[in-house]
Amino acid sequence: MQSIKQVLSGESLGQPVSIRGWIYRTRSSGGIVFAVIRDSSGIVQTTVKKGDVPDENFGPASNAGIESAVEVEGILAEDDRAPGGLEIRASSFKVVAPSEPFPITEYQSTELLLDKRHLWIRSREQTAVTKIKAAMLRGAREWFHENDYVEVTPPMITAVAPEDSTTLFQIKYFDRIAYLSQSAQFYLESLIYSCERVWALTPSFRAEKSRTPRHLAEYWHLEMEAAWVNNDDNMKVQEELVTAMLEHAAAGCRAELQLLKRDPASLRKISPPFDRMSYAEAMDSLQAGGCEVSWGSDLGAVEERALTKERETPLFVVNYPKELKPFYMKENPEDSRTYKNSDLLAPEGYGEIIGGSERETDNSLMVDRLKEIGESLENYQWYLDLRKYGSVPHSGFGLGLERMVTWVCRLEHIRDATPFPRTVARVYP
Ligand code: ATP
Ligand code: MG
């Protein structure tokens, strides 16, 4: 048994090959069936001629609809009209399981494709996205391993809200209330005192009520935290990590990227250092471009798009005003209105993929900020403890995996960066 990718390499030209997979499209005319077969590695045309296959094969072969599971044996031959320029002339065509009429045909509404998501993920585009995402994850995992980071497993059920208490998912936890994690940051911060450099890949849950093309209610969050690392070094880690992820995608998923109309070379030309711009400079640039923003305005999708749409490489925006960011960030000694933080914006208009900062080490500043935003200190005592017993300068960040996939795969909507998207409108299938 060969993979279709192996078959399409052509090395078995003129020789017998055997494949198994699913019918991608099929038509028959007279005594011949042209069936394109798909497996996880690609598609290849097969021709089934009456008389060339056992008699009991031909009827089922001509009746089998798309998505029927099949096993095919035959001789690999050249054919200019076939995808990849090759076809298998079948000597045997077994229908392992016929398919009922497949509910997805060529032109379907977005809603139908979401209702039938468990079937739509078989599409070539979705398969490509899934593989590219896996390649990016492999790149990240290798980078962390090579750089002495320890992969850790933080909890997903918590009592605190590191980011934004308005987007917490509340759950019944025995006879009290708990929340689904929005970020593993606080737990990662706790682990740096033993492991120094840690990272985790976990789902983060955010009850994002507004429907945007870049927010999911559940997404995969790649987070790192490291002791003795300041915000500049934190940004260097981000540059190297992102570059390693892009490199893995470009090297391992050429065909998949091309299928999605992403030139792998455009990813390969991204390398450290990335451009940097302060929040203040971003305001100037936006104002010059006609955006109605002023100091204190948040950078949303529109502003980030304006900042990045002409760019081909990522951009760091650094030193945001404190009122726009969470309480745990380190005050910028050069401008106490701002934090030592950065957001990394993907080019071509895609916008934020990472949020990172140096962390505040002064408990009294954090207590003041928590009081200011009306948080009860009770839930944060353990977090504040971390600054009492040998506190050290440290930094970290969170990368939204589906945000990065949306950019790399040139998707219009983040829901296509994950097989089973969870949004305000959808939790089925
Ligand atoms: P935004 O302003 O876009 O809502 P955020 O400031 O809430 O983002 P962070 O809390 O810094 O984001 O989270 C870290 C990263 O997680 C972000 O840079 C982004 O890549 C990703 N992210 C945040 N919220 C979502 C979401 N709802 N769906 C998918 N990814 C998200
Ligand atoms: Mg948010």
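The values are calculated or read from the model by the stated rules, or taken from the named source; none is laboratory data. The shown structure was predicted, so the numbers you read here are calculated from the model rather than taken from an experiment. Glycine also receives a Cβ, built like all others from the backbone with ideal geometry; neighbour counts cover every protein chain displayed. Side chains included, ligands, DNA and RNA excluded: accessible areas come from the protein's heavy atoms. Shrake-Rupley method; radii C 1.70, N 1.55, O 1.52, S 1.80 Å.
For Ala226, are the conditions met, namely being open to solvent by less than 10 Å² (accessible area, probe 1.4 Å), modelled with pLDDT of 95 or more and in contact with a Lys or Arg (Cβ under 9 Å, 6 or more places away or on another chain)? Break it down into steps so the answer makes sense when it comes.
On the way: open to solvent by less than 10 Å² (accessible area, probe 1.4 Å): yes; modelled with pLDDT of 95 or more: yes; in contact with a Lys or Arg (Cβ under 9 Å, 6 or more places away or on another chain): yes.
For Ala226, the condition - open to solvent by less than 10 Å² (accessible area, probe 1.4 Å), modelled with pLDDT of 95 or more and in contact with a Lys or Arg (Cβ under 9 Å, 6 or more places away or on another chain) - is met.
Applying the criterion of being in contact with a helix residue (DSSP H, G or I) (Cβ under 6 Å, 6 or more places away or on another chain) and assigned to a strand (DSSP E or B) to the residues of the range 208-222, the residue that is nearest to ligand 2 (Cβ to nearest atom) is Tyr219. Restricted to the range 1-28, and to residues there that are open to solvent by 60 Å² or more (accessible area, probe 1.4 Å) and part of a strand (DSSP E or B), the residue that is farthest from Pro101 (Cα to Cα) is Pro16.
Does Pro162 meet the test of being part of a loop (DSSP other than H, G, I, E, B), within 16 Å of ligand 2 (Cβ to nearest atom), touching a helix residue (DSSP H, G or I) at 6+ places or on another chain (Cβ under 7 Å) and touching a residue at least 40 places away in the same chain (Cβ under 8 Å)?
Values: part of a loop (DSSP other than H, G, I, E, B): yes; within 16 Å of ligand 2 (Cβ to nearest atom): yes; touching a helix residue (DSSP H, G or I) at 6+ places or on another chain (Cβ under 7 Å): yes; touching a residue at least 40 places away in the same chain (Cβ under 8 Å): yes.
It is true that Pro162 is part of a loop (DSSP other than H, G, I, E, B), within 16 Å of ligand 2 (Cβ to nearest atom), touching a helix residue (DSSP H, G or I) at 6+ places or on another chain (Cβ under 7 Å) and touching a residue at least 40 places away in the same chain (Cβ under 8 Å).
Against the conditions (1) away from ligand 1 (no atom under 16 Å from the Cβ); (2) outside any loop (DSSP other than H, G, I, E, B), Ser391 satisfies every one except (2).
How about the range 137-159: which of its residues are aliphatic (A, V, I, L, M) and either over 24 Å from Val229 (Cα atoms) or within 16 Å of ligand 2 (Cβ to nearest atom) (or both)? Please lay out each step first, then the result.
Here is the first cut: in the range 137-159, the ones aliphatic (A, V, I, L, M) are 137, 140, 150, 152, 156-157, 159.
The answer is Met156, Ile157, Ala159.
One residue is enough: does the range 197-207 have a residue meeting the conditions more than 16 Å from ligand 2 (Cβ to nearest atom), assigned to a strand (DSSP E or B) and more than 19 Å from Val405 (Cβ to Cβ)? Can you show your working first?
Restricting attention to the range 197-207, the residues satisfying the condition of being more than 16 Å from ligand 2 (Cβ to nearest atom) are 197-202.
Checking the rest, the ones that are also assigned to a strand (DSSP E or B) come to 197-202.
Keeping just the survivors that are more than 19 Å from Val405 (Cβ to Cβ) gives 197-198.
Yes, the range 197-207 contains at least one residue that is more than 16 Å from ligand 2 (Cβ to nearest atom), assigned to a strand (DSSP E or B) and more than 19 Å from Val405 (Cβ to Cβ).
Within the range 167-214, being among the acidic types (Asp, Glu) and either open to solvent by 10 Å² or more (accessible area, probe 1.4 Å) or at positive phi (or both) holds for Asp175, Glu196, Glu208.
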